[in-house]
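One structure is given below, encoded as structure tokens.
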Amino acid sequence: MSVQLDPDLLRTFVTIVDAGGFTQAAKQVHRTQSAVSMQVRRLEETLDRTLFQRDGRGVQLSPDGEALLGYARRLLKLHDEAVAALTRPDLSGLVRIGTPDDYVGRFLPEILVRFARAFPRVQVEVNCEPSVTLRRMLAEDRLDLALVTCPPGAETGEVVRREATVWATAERHLAHEGEPLPLALFQCGCPFRDWALAGLSSLGRPYRIAYTSASITGILAAVTAGLAVTVLCRSILPAGVRPLGIEEGFPPLPPASITLHRGSSVSAVAECLADYIREGFGADVPLVSSATPVLAAA
């Protein structure tokens, strides 16, 4: 008899990994911790494989668990799209979403394509503004959803992704050797701008703000031309732009938390888009690396 994978068991398995352990996963799936552990045992029995292994520090994914994780994510994505397309095909309305300009090209295209396939009658309005402006727009009820960049330890809303933040310069130019250092930065209120200036001040390195733009296109135009250095999320660096490290005289930067915020009254269509955003921003997060992260014990 062929093996049949239960989506409910796969969802619990993925939630354990994403939540960092059995206890937090139990809260998210609204089950007891013992029920979550039982689901994991059922999944292991179905596959005849051990998915988690214990050591002195807690619980971590086994090699078979690492292998299953990618398949589980893809299976659940297709499952949820099929359910949405067949049970809510007539859902319509307008969703207003706000996002900083730098996330649009990297993340939104695939999210919007998948959402449009499932809900072709929903209109999506995208507003590209700095995080400080998006917070104000939410408070004024001008947005249904917003993606906001937060420093570590000061997150509000739902964290959908954590990004490494890096100094960046053109591969074929030497702007990073300039004295004072020429900078291309987003406008006041952007965390990246604040982190860049604070980091250079801590080193006592002189700098000048050569270019300011609210657009990632404007920032990258100055950087790729070799006119300035900037600070960005590592995953959005384009070809021809490389990160700079401590060995080149640049201070470390805090990671950026990308958080999802909801307006005062969120419609059903907005919640549907929030689900797609959550998955789209989390899809590339390296949850398992060569040093497998330890999960909280069951």
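Only the coordinates and a few stated rules stand behind these numbers; no lab work does. Values in this document were obtained by computation on a predicted structure and should not be read as measured data. Note: ideal-geometry Cβ built from the backbone for every residue, glycine included; neighbour counts use all protein chains shown.
Listing for the model above:
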read-out: Karplus-derived 3J(HN,Hα), 6.51/-1.76/1.60, for each residue of segment 237-253, Hz, glycine and proline x; value: 5, x, 4, x, 10, 10, x, 10, x, 4, 5, 9, x, 10, x, x, 10
read-out: Inter-label distance for Val159 and Leu91, nm, one decimal - labels placed 7 Å from Cα along Cα-to-Cβ; value: 2.7 nm
read-out: At least 27 Å along the helix axis (C-alpha) and Kyte average at least -1.0, DSSP helices within the chain; value: 63-87
read-out: Length added when fully stretched, Lys77-Ala35, from 0.36 nm per residue minus Cα-Cα; value: 12.8 nm
read-out: DSSP-defined beta bridges in the chain - what % are antiparallel, rounded to 5; value: 60 percent
read-out: Percent RCO, i.e. relative contact order, over segment 7-86, from Cα pairs under 8 Å lying at least 6 residues apart; value: 28 percent
read-out: Mean Cα-pair separation over length for the chain, i.e. relative contact order, pairs under 8 Å, 6 or more apart, %; value: 24 percent
read-out: Residue-averaged [θ]222 nm for the chain, counting only DSSP H segments that reach four residues, each worth -39500 (n - 2.57); value: -13500 deg cm²/dmol
read-out: Segment 120-266, relative contact order [Cα under 8 Å, separation at least 6], %; value: 41 percent
read-out: Residues of segment 59-90 with amide N under 19 Å of the 7 Å Cα→Cβ point at Leu5; value: 61-84
read-out: Length added when fully stretched, Ile209-Leu174, from 0.36 nm per residue minus Cα-Cα; value: 11.0 nm
read-out: Label point distance in nm, Val132-Thr46, each placed 7 Å from Cα along Cα→Cβ; value: 5.0 nm
